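Quick notes on the structure that follows.
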Amino acid sequence: MKQIGIWLDFKDCYIVTLPQEGDASIKRLRSDVEHHATKGGSRSKSPWGPQFSPPDKKDLERDKHAEHHYFQQILEHIAADTDEIVIFGPAQAKLGLKKEIESIKHYHPRLRAVLTSDYLSENEMVALVRDFYTNPDTYLDNEQES
């Protein structure tokens, strides 16, 4: 049974693979997602003149497509023989990846949990994934309380 843990935010993704035998492996992926800051519009000099608003929708769509590409890139690096996945990380990216996995119509690995965690070192990531698959009830109970 091949188990994977994915730590991600919108800058980096770490894929921790736990094979049945042997040491864990870590793969790091960089993100190309750039979130655009909303810029202010401008006002006409006349009191009832038109107001210019920035092209927010275009920026939001660009961000959405970049996120979709990032999630697809992550899913391409997950081996086809993966049985279970746990996703963890500090930001909203983990929820986006969860939705991307659930939207796959054909076979996909079982998504065990989506956990909130801080920024971790690589050793802490491996320890968290190992501990999760050893004692999943401790993580699932804590996540439901919050």
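Below is a table of values for the structure above.
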| read-out | value |
| --- | --- |
| Considering residues of the stretch 70-112 that are charged (D, E, K, R) and farther than 12 Å from Q3 by Cβ only, the residue modelled with the lowest pLDDT | K105 |
| Test for E102: is it without any contact (Cβ under 8 Å) to a residue 40 or more places away in the chain and in contact with a strand residue (DSSP E or B) (Cβ under 8 Å, 6 or more places away or on another chain) | yes |
| Neighbours by Cβ (under 7 Å, 6+ apart or cross-chain): first from the stretch 67-80, on the phi < 0 side of the Ramachandran plot; second part of a helix (DSSP H, G or I) | E67/G96; F71/G96; F71/L97; F71/E100; I74/L97; L75/E100 |
| Residues located in the stretch 15-46, provided they are of a type in the set (S, T, Y), surrounded by fewer than 19 Cβ atoms within 10 Å (Cβ to Cβ) and either at pLDDT 80 or above or not in a loop (DSSP other than H, G, I, E, B) (or both) | S25, S42 |
| Tabulated pairs, the stretch 1-30, first under 17 Å from Y70 (Cα atoms) and touching a residue at least 60 places away in the same chain (Cβ under 8 Å), second exposed (fewer than 14 other Cβ atoms within 10 Å of the Cβ) and of a type in the set (G, A, S), C-beta under 7 angstrom, 6+ apart or interchain | D9/A91; F10/A91 |
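The values are calculated or read from the model by the stated rules, or taken from the named source; none is laboratory data. A quick note: this is a predicted structure, and the numbers were derived from the prediction, not measured. Cβ coordinates were reconstructed from backbone atoms using ideal geometry, including for glycine residues, and neighbour counts include every protein chain displayed.
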